[in-house]
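Asks: What follows is a single structure, and I will ask about it in a moment.
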Amino acid sequence: MAKYGFVIDVEKCTGCHSCFLACKDEFIGNDYLPTAAAQPDKGHTWIKLNEVEHGAGTKLKVDYIPHMCQHCEDTPCAAPAPAGAVYRRADGIVIIDPEKAKGCKSIVNACPYRAVYWNEAAQLPQKCTMCAHMLDNGEKTTRCAEACPTGALVFGDLADETSPAAKLLAQKGAKAEVFKPELGVAATTRYISLPKPFIAGEVLLADKPGECLKGAKVTLTAKDEAACQVETKTDFFGDFEFKNLAVNKNYVVKAEYEGYYAKEMTVRTYASLNIGALMLEPR
């Protein structure tokens, strides 16, 4: 039996909204009973892109996180629903029955990911169906994954090692995680390279104003974990960056260059940080 799922590589997502448009094109005005009634032309985003801006000044990054129904194993949206109105198929797809769920607006609020929408005209809760109607007709992918130009959104049978999604997990599975794991609902969609805090800055020499310092040694140490240490060198702009750091943790940044006194700064990763310039004085 197939186990369908999405694997999303956030680093590859450019925020082009091709997935959003493909979903609209497939479902607006089109009934695909018994898995989906037509999506209304306004108000629904069965797949949307969360824009995450982090950092500051010249050290600013923008990431896009495709966000849709996570097809949770725990199906929390089924809790307030009438019998059979929300169900999880053997292939892993969670379906809101277009007939049995009519009038049950509480299904919308039961989704912890806020991925279920209310169709006022049809009096129906609706969401992503993983294009179940296409899969049931023999297709191998969804409209959103098919339309993704960068390969950020990958769909497939996770039980089939030859499927694109399974191959991506095999390649980058160590980086794979669920979106908002604190919700604890056993989401099945996997994300690679979700945004993590970074610390960035530059190193300058006090006696050489205006010069970019390439090759200065910069060390990052987790303050409460002395063994956790990472080292890098400044680039030809004098810039440095440490990526994929833990949230809400104290770090010590130390800059060193031959002939100059080292300089340290302690920071906490409440968010991504641009710590500015570390100015080194000559010995």
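No value in this document is a laboratory result; all are computed from the given coordinates. Every value quoted in this text rests on a predicted model; they were computed, and no experiment measured them. Glycine also receives a Cβ, built like all others from the backbone with ideal geometry; neighbour counts cover every protein chain displayed.
Asks: Lys3: which aspartates and glutamates have alpha carbons under 17 Å from its alpha carbon, excluding same-chain residues fewer than 8 sequence positions away?
Replies: Of all the aspartates and glutamates, those that pass the test against Lys3 - Cα under 17 Å, at least 8 places apart if same chain - are Glu73, Asp74, Asp91, Asp136, Glu139, Asp157, Asp160, Glu161.
Asks: Compute the relative contact order of the range 4-192 as a whole-number percentage, counting only Cα pairs closer than 8 Å that sit 6 or more residues apart in sequence.
Replies: Once normalised by length, the contact order is 29 percent.
Asks: Restricting attention to the range 249-278, which chymotrypsin sites (Phe, Trp or Tyr not before Pro) occupy a DSSP loop and are surrounded by at most 15 other Cβ atoms within 10 Å?
Replies: Tyr261, Tyr270
Asks: Separate question: Restricting to the chain, what percent of DSSP beta bridges are antiparallel, rounded to 5?
Replies: Here the antiparallel bridges make up roughly 80 percent for the chain.
Asks: What's the exposure ranking of Thr219, Thr141, going from fewest to most Cβ atoms within 10 Å?
Replies: Ranked by crowding around the Cβ, least crowded first: Thr219, Thr141.
Asks: Please identify which residues in the range 88-124 have an amide N closer than 17 Å to a label point set 7 Å out from the Cα of Asp136, following the Cα→Cβ vector.
Replies: The answer is 88-102.
Asks: With equal scatterers on the alpha carbons only and no solvent term, can you work out the Debye log10 of I(q)/I(0) for the chain at 0.10, 0.12 1/Å?
Replies: Treating every Cα as an identical point scatterer, log10 I(q)/I(0) equals -0.64, -0.81.
Asks: How would Ser106, Ser193 line up from fewest to most surrounding beta-carbon atoms within 10 angstrom?
Replies: The most exposed by this proxy come first: Ser106, Ser193.
Asks: Looking at the chain, which longest stretch skips every one of the GluC sites (Glu not before Pro) that is in a DSSP loop with at most 14 other Cβ atoms within 10 Å, leaving the sites themselves out?
Replies: With GluC sites (Glu not before Pro) excluded where exposed in loops, the chain gives 1-72 as its longest stretch.
Asks: Further question: In a GNM of the chain with a 10 Å cut-off on Cα contacts, which of Met265, Met130, Met68 has the highest mean-square fluctuation?
Replies: Met265
Asks: Express in nm, to one decimal, how much length is gained between Thr45 and Lys243 on full extension, taking 0.36 nm for each residue of separation and deducting their alpha carbon distance.
Replies: Here the segment from Thr45 to Lys243 would lengthen by 68.2 nm.
Asks: For the range 13-76, which trypsin sites (Lys or Arg not before Pro) pass both filters: DSSP loop (anything but H, G, I, E, B) and at most 10 other C-beta atoms within 10 Å?
Replies: Here the sparse-neighbourhood loop sites are Lys42.
Asks: Report, in listed order, any pair from Lys196/Lys249; Lys61/Lys217; Lys12/Lys196; Lys24/Lys140 with a Cα-Cα distance greater than 22 Å.
Replies: Too far apart for the 22 Å limit: Lys61/Lys217.
Asks: Show the residues, 5+ positions off or on another chain, whose built amide H is closer than 5 Å to the amide H of Ala101.
Replies: Residues meeting the criterion, in which the H sits 1.01 Å from N, do not exist here.
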